[in-house]
1. Surrounded by fewer than 18 Cβ atoms within 10 Å (Cβ to Cβ), of a type in the set (Phe, Trp, Tyr) and more than 24 Å from Asn109 (Cβ to Cβ): which single residue out of Phe40, Phe47 fits that description?
2. Residues of the range 41-54 being of a type in the set (Val, Ile, Thr) and free of Cβ contacts under 8 Å to residues at least 24 places away in the same chain, which ones?
3. Take the range 1-26 and flag every residue that is at pLDDT below 95 and either within 18 Å of Gly83 (Cβ to Cβ) or among the basic types (Lys, Arg) (or both).
4. So in the range 55-69, with the set limited to residues that are touching a residue at least 40 places away in the same chain (Cβ under 8 Å) and surrounded by 15 or more Cβ atoms within 10 Å (Cβ to Cβ), which one is farthest from Glu21 (Cα to Cα)?
5. Six or more apart or on different chains, Cβ under 6 Å: which pairs go from a residue in the range 97-112 that's at positive phi and of a type in the set (A, V, I, L, M) to one that's buried (at least 20 other Cβ atoms within 10 Å of the Cβ) and modelled with pLDDT of 95 or more? Could you list them?
6. Filter the range 85-132 down to residues that are more than 11 Å from the chain's Cα centre (by Cα), of a type in the set (Ser, Thr, Tyr) and over 17 Å from Val10 (Cβ atoms), then give me how many there are.
7. I'm told Leu126 meets every condition in (1) surrounded by fewer than 20 Cβ atoms within 10 Å (Cβ to Cβ); (2) assigned to a helix (DSSP H, G or I) except one. Can you identify the failing condition by its number?
8. Quickly run through the range 113-123 and pick out the residues that are in contact (Cβ under 8 Å) with a residue 60 or more places away in the chain and either over 23 Å from Val25 (Cα atoms) or surrounded by fewer than 20 Cβ atoms within 10 Å (Cβ to Cβ) (or both).
Amino acid sequence: MVYAKKDPNVLGFLGRALSLEMTAVQQYLTLSRLLQLRGFSEIAQTFQQEAQEEMTHVERIISRMLVLGVAPSATQLRPPVLGDSLPLLVSNTQKFEEELVNFYQQAVNYCTHIDDFDNRLFFEKLLQEEKQHAMSLGNWQNELAGN
């Protein structure tokens, strides 16, 4: 059942969101395995949980696209960003989360502009969750820096 507008820009936001969220899953899983190899099992588990949370975003975006009658397609996955230290890994990941926040804010703004209530709510929920991720990573980054 299709219940929302099929604005091409909204569909573009959904496709880009899928690519970014799948990139986030790949990033978190890579960091989890990297830290596991380095002997940091507890920290690796934290990144594993983050990957699972991001995967729920992927699933929701795919569902949203299917409801709108669009075949999901992630077009560009970025390679994972690694680092030699935990603070660098967290910093790089926090920067990516901030990028997600900015992206979802743009999507919310666009949907607000075109009076697309359903998709605005969809993107707002993702925006709030990504803000939480970014804030948590920022706090962790500060802890690691001794602030």
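1. Numbers: Phe47 fails: surrounded by fewer than 18 Cβ atoms within 10 Å (Cβ to Cβ).
The match here is Phe40.
2. Step one: filter the range 41-54 for residues of a type in the set (Val, Ile, Thr), giving 43, 46.
Answer for the range 41-54, where residues must be of a type in the set (Val, Ile, Thr) and free of Cβ contacts under 8 Å to residues at least 24 places away in the same chain: just Thr46.
3. If the condition is that a residue be at pLDDT below 95 and either within 18 Å of Gly83 (Cβ to Cβ) or among the basic types (Lys, Arg) (or both), then Lys5, Lys6 are the ones that fit.
4. So in the range 55-69, the residues touching a residue at least 40 places away in the same chain (Cβ under 8 Å) come out as 57-58, 60-62, 64-65, 67-69.
With the extra rule that they be surrounded by 15 or more Cβ atoms within 10 Å (Cβ to Cβ), the set shrinks to 57-58, 60-62, 64-65, 68.
On the way: His57: 7, Val58: 6, Arg60: 10, Ile61: 9, Ile62: 11, Arg64: 14, Met65: 14, Leu68: 19 Å.
The residue in question is Leu68.
5. No pair meets every condition.
6. Total meeting the criteria: 2.
7. Here Leu126 clears every test but (1).
8. Ile114, Asp116, Asp118 - these are the residues of the range 113-123 that are in contact (Cβ under 8 Å) with a residue 60 or more places away in the chain and either over 23 Å from Val25 (Cα atoms) or surrounded by fewer than 20 Cβ atoms within 10 Å (Cβ to Cβ) (or both).
The values are calculated or read from the model by the stated rules, or taken from the named source; none is laboratory data. Everything quoted here is computed from the prediction, not taken from an experiment. Here the Cβ is made from the backbone with ideal geometry for all residues, glycine too, and neighbour counts use every protein chain on show.
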